[in-house]
Amino acid sequence: MQHSINQRVAECFYNNDRVLLAGDACHTHSSGTAQGMNTGVHDAVNLAWKLGGIVKGWYNDDVLRSYDTERRPVAQHLINLDKDFSATISGTVPDRYKDLSLSSNELFAKVFDDTIDFCIGLGIHYNESIINKTSLATAISAGWRAPDALVYAPGSRLPIRLFHLMPNVGAWSILLLAGHPEKTGQSLIHAVEIVKQLSESRPRKMIRSLTVVAQSPAGGDQRFSIPTIGRLYYDPEGSAHAAYTVSDSNGAAVVVRPDGILGYATQLDEASSVIKYFSGFITR
């Protein structure tokens, strides 16, 4: 009787897409290259902001379903990769590598070097989806980790990382890479107004914004003449713009997901498409 009840409960949860597994519960493997921690943490981070947003009524169900479509291939890749590592650790060379004429130790080193980005957790990427749209203004593909760079707050000589300004706390980040304001002109004004409109129409704390200009820290009079949304930061060496492959003549509006993944990017004068991007999955 107890087994029958448990089975019905399990079927109920399964049929309603309410079984959510993460970490070792859904990808068990050896500890040969210590990837379990990275993969489990990535599972949790990917799931947390999506589940939290669903609970708050922010997103439609497709956002939560993307947890499976994004993380399952990563877990499967980990399991497949672990088979090679486990074999080489035990002194065996898998058949598909025998043409390389390497010893098991040499093969372990080669496979590890070839997959180092994945092993340390930085080479993870997700396919195009409702939350990963083709970028129109940067060479960085949506679904990959957003680049980091050093920028400067007004009046400060100490740089700060973009990652520190966009922490993974459940909020979306809209990064206006404003280029040089004298070059981007009306496009920057247009983008600022669009992002303000978007932010004001959404629940508080869902979206945060910041503006980065490709010039040296200016004096007070110049500071207040620059159109901005959120806090203003300076990119005097152009490192932030270069990281996103954005020129200081065009600029870009970049959407970074709550887990630090690039979701979408477009040119400043096409910033209205950012509203369309969010409307694809936001319910309020």
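The values are calculated or read from the model by the stated rules, or taken from the named source; none is laboratory data. On a predicted model such as this, the values are computed, not experimentally measured, just so you know. Cβ sites come from the backbone with ideal geometry, for glycine too, and all protein chains shown count toward neighbours. Only protein heavy atoms, including side chains, enter the accessible area calculation; ligands, DNA and RNA are left aside. Shrake-Rupley method; radii C 1.70, N 1.55, O 1.52, S 1.80 Å.
Here are some notes:
- Prolate/oblate/rounded call for region 132-265, Cα gyration tensor, a/c under 1.5 rounded: rounded
- Per residue, the convex hull volume that the Cα atoms of the chain enclose (Å³): 163 Å³
- Choice from ASN60, ASN80, ASN250 showing the highest fluctuation, given a GNM over the chain with Cα pairs closer than 10 Å: ASN80
- Think of a 1.4 Å ball rolled over the protein heavy atoms: the chain then has 52 Å² of accessible area per residue.
- Mean separation of Cα contacts under 8 Å, 6 or more apart, over the residue count of region 52-153: relative contact order %: 18 percent
- Among GLY170, ALA153, SER141 the positive-end extreme of the charge dipole of region 106-178 (Cβ point charges): ALA153
- Of all beta bridges that DSSP places with both ends in the chain, some 60 percent have antiparallel geometry.
- Region 140-173: trypsin sites (Lys or Arg not before Pro) falling in loop per DSSP and having at most 16 other Cβ within 10 Å: ARG157
- Cα shape, region 31-183, gyration tensor, a/c 1.5 rule: prolate
- Pairs of lysines in the chain whose Cα atoms sit within less than 16 Å of one another amount to 8, provided the residues are eight or more positions apart or on different chains.
- Shape class for region 69-145: prolate, because the ratio a/c of the largest to smallest gyration tensor axis (alpha-carbon atoms, square roots of eigenvalues) is 1.5 or more and a/b beats b/c.
- In the chain, the longest principal axis of the Cα atoms and the axis of helix 61-89 are about 50 degrees apart.
- Computed over the chain, the per-residue total of -39500 (n - 2.57) for DSSP H runs of n ≥ 4 gives a 222 nm mean residue ellipticity of -13000 deg cm²/dmol, rounded to 500.
- Inter-label distance, nm, simple model (7 Å from Cα along the C-beta direction), LYS83/MET37: 2.7 nm
- With every protein chain in place, the chain: carbon and sulfur % of accessible area (1.4 Å): 52 percent
- C-alpha long axis of helix 2-15 to longest principal axis of the chain, angle in °: 40 degrees
- Value of relative contact order over the chain, rounded to a whole percent, pairs C-alpha under 8 Å and six or more apart: 21 percent
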